[in-house]
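Note sheet for the following structure.
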Amino acid sequence: MAAGYLEILRARHAVRLLTGTLVGRLPNATAAIALVLFVRAEGGTYSLAGALAAVYGTATAVGQPVLGRLVDLFGQPRVQLPAVIASALAMTVFAFSGTGPLPLACAAVAAAGLFTPPLEGGLRALWPSVLRREDQVHTAYAMDAVAQEVMFTVGPLLVTLCVSLWSERAALLVLNAVGVLGALSVVVSPPSRAWRSAPREAHWLGALRSPGLLVLLGAFLFVGIALGSITVASVPYADEHGGDAVYGWLMAALGLGALVGGTVYGARRWSGVPERRLRVLVGLLAVCYLPLMLMPGAVAMVLLTVVSGVFLAPCIACAFIIVDRHAPSGTVTEAFSWLVTTFTVGASVGTGLAGPVVQAGGALWGFAVPGAAGAVSLLVLLATGRVLAAPAGSAVVAASSENDPNRAAEPRFSSGDRA
């Protein structure tokens, strides 16, 4: 299993790009908990903390595809570096101004989210230029999905460590400074500086003019809803079975399941078209959510939560392949950013939807939401099978690197990126 991952990590620049991207995304991954802790330390209410976190999340969802399109047009360094500096400066303003002037606080938090650089989409656009074989790129997508689970597990721990060692303000400042260093490591690397998007057709819809991509985004909106609803439904369950400690174990179990599933998925070479495989994976994801409604004792519930997360990372990794197949030429970074945005919006909708459901029917009905959302996602994929089966772009073999003096064609995806 480790051989495929080691092969990728041995590739030139691979470790630097993966590590730099993960470190660069730390401010975004830890923003919600860091904002809540800082607002509480400033004497603000949880309602204010939640509102500012929502402002940040909404601004990030808006900014990712916009910045992704700019990356496709102007290259990574010209967009990513100014964006990460602007985001860090905005969060620094918020850290020193506090919540006192509320309009300033909202504007600073919104700017920090809006200028969050699309490092995630940028990394996936770079993989084909770093890894020359298609199967290696597929494995890298799975490794990327697994690494995200590690980051979202370690990130909150780093926030609490900074708070315990220094203060809530220091946590905001340190994590954003580290994020700038991570992004800088990526954008000054040779693959990032050399990368150029394929020629694109001028169109105001950009990547969204691909019907297949729209179908995928619709399906993953509901996958996000499923994931977001679990975080809320687990709260009343934990209150009845041990409190905050049980809730922490449930959230960790969800990440552990995704980590294990993504690791196993990426270690195997899969045959057949990824669109068909995604339908199977989403179906299994929906089925694995259903046992949560049994709500057994805490230990058994943790094990069920591990199982419920097993197919999440494989679904995401498979979706990365499909995005690359369906993204119109010259829009690959924007397309990946749209997937990030859609998943984030779905998770936010899931948390908002599960609240009233839990209030009305308790944890049992709350745990019914993930299974229902997963089923709807599967129905979307089944109902639009013909659309998803026709990848955008006609070429399976794209022009090779513009830096290659021999101009030798090599097998590539439909996105046709060049490095």
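Taking the Kirkwood radius as Rh and the Cα radius of gyration as Rg, the chain has a ratio of Rg/Rh equal to 0.96.
With both labels modelled 7 Å from their Cα along Cα-to-Cβ, the GLU7 to ARG78 distance reads 3.6 nm.
Contact order, relative form, for the chain: 25 percent (alpha carbon pairs under 8 Å, 6 or more residues apart, mean separation divided by residue count). Which one of GLY43, ALA53, VAL345 has its Cα pushed farthest toward the positive end of the charge dipole of the chain, where Lys and Arg give +1 and Asp and Glu give -1 at the Cβ? It is VAL345.
Its DSSP H runs of at least 4 residues, each contributing -39,500 (n - 2.57), put the calculated 222 nm mean residue ellipticity of the chain at -26000 deg cm²/dmol, to the nearest 500.
Element breakdown for region 47-153 at a 1.4 angstrom probe: carbon and sulfur atoms account for 74% of the accessible area. Rolling a 1.4 Å probe over the protein heavy atoms gives region 82-240 an accessible area of 37 Å² per residue. Under 5 Å between amide hydrogens, built in the peptide plane, is the criterion, and for ARG196 it picks out ARG418, ALA419 among residues at least 5 positions away or on other chains. Our note on the geometry: Cα centres of region 267-336 and region 80-104, 35 Å apart. Please give the residues of region 120-147, grouped as numeric ranges, whose backbone N is less than 15 Å from a label point set 7 Å along the Cα-to-Cβ vector of ARG269. Residues 132-140 qualify, since their backbone N sits under 15 Å from the label point. Taking 7 Å steps out from each Cα toward its Cβ at SER47 and LEU165 produces label points 3.7 nm apart. Dividing the convex hull volume of the alpha carbon atoms of region 108-148 by its residue count gives 64 Å³ per residue.
Note that region 148-158 has calculated 3J(HN,Hα) couplings of 4, 4, 4, 5, 6, 8, 6, x, x, 5, 5 Hz, one per residue in order, obtained from phi through the Karplus relation 6.51 cos²θ - 1.76 cosθ + 1.60 (θ = phi - 60°); glycine and proline are x.
The values are calculated or read from the model by the stated rules, or taken from the named source; none is laboratory data. All values reported here derive from a predicted model rather than from experimental measurement. Quick reminder, even Gly has a Cβ in these numbers, built from the backbone with ideal geometry, and neighbours come from all protein chains shown. Protein only, heavy atoms only, side chains kept; ligands, DNA and RNA dropped before computing areas. Shrake-Rupley method; radii C 1.70, N 1.55, O 1.52, S 1.80 Å.
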